Structure formats: C-alpha cells, structure tokens
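Just below is one structure, and these are the notes that go with it.
The values are calculated or read from the model by the stated rules, or taken from the named source; none is laboratory data. Since the model is a prediction, treat every value here as computed from it, not as a measurement. Ideal geometry is used to build each Cβ from the backbone, glycine not excepted, and the neighbour counts take in all protein chains shown.
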Amino acid sequence: MADTDPMSDDDTTPPPPLLTLRDGLPPVVETEAGLAEVSDAIAAGSGPVAIDAERASGYRYSSRAYLIQLRREGAGTFLVDPIAFESLEPLQRALDGTEWILHAATQDLPCLAEVGLRPALLFDTELAGRLLGYPRVGLATLVEQLLGSRLAKEHSAADWSTRPLPAPWLEYAALDVEVLVELRGLLGTELEKAGKGEWARQEFEYLRGFEPVPRTDAWRRTSGVHRVRGRRPLGAVRELWQTRDAIAAERDVTPGRIIPDAAIVAAATAMPTERDALLGTQGFHGRGAERYASRWVAALRRVAEMDESDLPTRTPRGNGPPLPRAWAEKDPVAARRLALARQGLTERSEELSVPVENLLTPDYLRRTLWTPPSTRDAVRLAPAVAERLAGYGARPWQIEIDAPILTDAIITAESEAAASETG
C-alpha cells in the first residue's frame, strides 16, 4: 500500500484487514431508467454524499470523468457511467443542497462540473488532513490510520476509458467512496477540537468555486527544454509542442503517446526541415512520428522562417514577480522581505501544525512582497497588506495569521536597509 512506513524486522503485528464492500459490488448504471433509480435512491438517503470520479490520465487527452462513484447513508453505493448519458440532470437534482465528501477535491471537481454536477457544500478529506497536520494525507494512509483498514490502490493508474470496465477495477472504485462518510465524521470532529473548524469551512467554500487556472506557456514545461540553447531552437520546442498538443486533442490521447518530450528537444536542437532527416532524429520513430511527419516538418519550417521578434525568450514575459532566486540581484530589499516572511511563516506553520503552503499560497506571498503597499506606517500598512492578500484570494483565516507576518517583514527589511545606508 502506498505511503505507509515499512514494519521493522521484529514487528509481528499483523497488517490491518483489507477493506471490503459492505453491500457487494453494484452494477454500472448506464441507462436512463437506471439513472432515475439511482437519483431517487440518493434523494431518499440521509446525510452527506461521498463522491469520486475516475479519469484516464496518461491515456486520454481530456480530463473527463469515465466513472462516477457515489455513496449515501440509507441509499448505498452507486457506479455511474457518465459516457452513456447526454445529461446527468436527474442526478444533479438529487444532489442539490447536499454536502459532498471528496478526497483531493481539486482533482475531481472540474470533470464533475463538465457533466453538470456541482456541489452546494463540500468537505475535502485530504485538505482536512493537511489542516490537522497529518504528515501523509493519501486516502489509503488516512483510512489505515483513522479507520484501521487497508485500502487497495493497485488500479489507480488504470485506463478508465476501457469498456467494459473489469470487475476488480469497479470494486476498487466503489471502495473509494465506501469510507468517506465515516472518515469525514472523524476528521470533522478533530477539526472542531483543534479550533480549525472555521478554517476548514472557509477552505471548503473556496474550493466549491474552484476552476483550474489555464497554464500560460505550458510548452515551457517540456522535459529537457533547459538543454535547448538559442531563441530559434526554443521556438522549435514551442511549435512542435503545440503541434503535438493539437494532434493529441484531435485523437483524444495523452500527448506523450504521439511523440515523447525527448523527441521534441532533439528535433529542436537539430532543426531538420526535411522528412527523412526528421525521421532520423533521435526519438522520432513509431507511428506518431511517421504518421504526422509532414506536420512536424511544417512546424520546423515555420520556425526557420520566423522573424526574430516572434521567437520566444528564455524568460517568459509576464506581469508577475521574477523567480525568487533573482530577487537578491534585482531588488535586495525585496529579497530580504521574502526571507523574513518565509521564516515567520515557517515558524507559525510549525506552531499550528499546518503546512506552510496551506498557510499562504506561495504566489500570493511573492506578489505581495515584490510590490508591497506604498505606505510604511505600521498602522496603515497592516490593513493594506490584508486587503492585498484578500484581493489575490487568501481566505480570512489565512489573512488574520499572515498579514502581521508580512507587515513585520516589510517594515524590518526596509528599516535594515535604511540603517545600512546611514551607517
């Protein structure tokens, strides 16, 4: 099982029992009549609804849900195939007003919203574990630690677009919601006892409106791009990546199954503009390389003819702060502000048993400290910092903790700088 510590050689304690389904494996719902029955049963149940979704990451381009699992007390467990339906509106009506329980909600909320399912309230067991200071918050670990059962995870990386879905996969999927209601009860009680219940409610409300932020210049994440030298080869990486992405979207397969990142980097370095030379380049083999050879060549020819001003630079242009490692050279006082704030946040993180990244989103920290409010009057600076953090999206509980730390860092860094100049 993932993320558990191995037992010592002399530890004879038997492992916790493997979790099994209480009510047996339910059938996959893929008809309108079946969906109506499921919706009626869920509406007649009581308490929160445990929800999970399975995608085909690593196999498909899209992040759509290929299976949705639900469980509610008084109703049971259900497996719904969203691919079989034009609309899941009956299910959304049944879920209206209920609290959803998810684990790692940001992974599943987008694909659930895509099929029309949106929560009125939610509870994220992974985030609850983080706020409580659990060092490992994987579902299997929390289930073992809090419920005393082992949760098998061997099918987590399966291709869930497969039809029909094998029974062992379906059992794995059903087990993921089997424990969420009980887990939510235990974690909710712990949050209240720790005085973190309101923090969690603010976090869950923020998550409820979660939408993934589109990646800017996603091609820059190409593995090995750091080895590419020069703006034209860098432009070739961009053009080849975008071409591959378009092909992957057309075929609904993960881009790496068309050609690997290594092939993009090799071609961008060699810049072959003829088919035979391209197919002789390292990594350009297999059906993805040969089938779309004309498109790869066209991409490279576009780059070869591109005006220098249209080529990308190593450092992307943007309106955000530079990378922290560049702060000391660009603005030593800002670098000192950041160092002091990080130190203060780390100390508070340890005191509160909350990961520092949950205490304040790193991007909010950098943006606030690179261009802090103009006032340096302590009385006015603190509310100005709080307002700045709120504008970025920090929650009230975070602002209450973080604004004083950032305010002190701003004042201290600039006082040190002034003293150094006068000294």
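From the list Leu311, Leu279, exactly one residue is more than 30 Å from Ile410 (Cα to Cα) and more than 32 Å from the chain's Cα centre (by Cα). Which is it?
It is Leu279.
Which residues, counting only those in the stretch 292-340, are more than 30 Å from Arg244 (Cβ to Cβ) and part of a loop (DSSP other than H, G, I, E, B)?
Pro321, Asp331
Which number in (1) surrounded by 12 or more Cβ atoms within 10 Å (Cβ to Cβ); (2) charged (D, E, K, R); (3) outside any helix (DSSP H, G or I) marks the one condition that Glu211 misses?
With respect to (1) surrounded by 12 or more Cβ atoms within 10 Å (Cβ to Cβ); (2) charged (D, E, K, R); (3) outside any helix (DSSP H, G or I), Glu211 is out only on (1).
Out of Trp327, Trp370, I need the residue that is farther than 30 Å from Ala200 by Cα and aromatic (Phe, Trp, Tyr). Which one?
Trp327
Condition first: touching a Phe, Trp or Tyr at 6+ places or on another chain (Cβ under 9 Å), in contact (Cβ under 8 Å) with a residue 40 or more places away in the chain and buried (at least 16 other Cβ atoms within 10 Å of the Cβ). Can you find one or more residues in the stretch 282-294 that meet it?
Of the residues in the stretch 282-294, the ones touching a Phe, Trp or Tyr at 6+ places or on another chain (Cβ under 9 Å) are 284, 289-290, 293.
From what's left, in contact (Cβ under 8 Å) with a residue 40 or more places away in the chain: none.
Among the residues of the stretch 282-294, not one is touching a Phe, Trp or Tyr at 6+ places or on another chain (Cβ under 9 Å), in contact (Cβ under 8 Å) with a residue 40 or more places away in the chain and buried (at least 16 other Cβ atoms within 10 Å of the Cβ), which makes the answer no.
Out of the residues in the stretch 372-391 meeting the condition of being modelled with pLDDT of 95 or more and under 22 Å from Lys330 (Cβ atoms), tell me which one is surrounded by the most Cβ atoms within 10 Å (Cβ to Cβ).
Only one residue fits best here, namely Val385.
Hey, could you check the stretch 332-355 for residues that are surrounded by fewer than 20 Cβ atoms within 10 Å (Cβ to Cβ) and within 28 Å of Glu421 (Cα to Cα) and say which is nearest to the chain's Cα centre (by Cα)?
Looking at residues that are surrounded by fewer than 20 Cβ atoms within 10 Å (Cβ to Cβ) and within 28 Å of Glu421 (Cα to Cα), I get Arg342.
So which residues in the stretch 258-281 are in contact (Cβ under 8 Å) with a residue 40 or more places away in the chain and not hydroxyl-bearing (Ser, Thr, Tyr)?
Ile264, Val265, Ala268
Mind telling me which of the residues Ala43, Ala2 ends up being closer than 24 Å to Ala105 by Cβ, modelled with pLDDT of 95 or more and surrounded by fewer than 18 Cβ atoms within 10 Å (Cβ to Cβ)?
Ala43
Identify all residues within the stretch 133-168 that are of a type in the set (D, E, K, R) and either part of a helix (DSSP H, G or I) or more than 30 Å from Thr13 (Cα to Cα) (or both); write none if there are none.
Glu144, Asp159, Arg163
Being assigned to a helix (DSSP H, G or I), within 13 Å of Pro233 (Cα to Cα) and assigned by TED's automatic domain parsing to the domain that holds Ile247: is that true of Ala289 here?
Criteria not met by Ala289.
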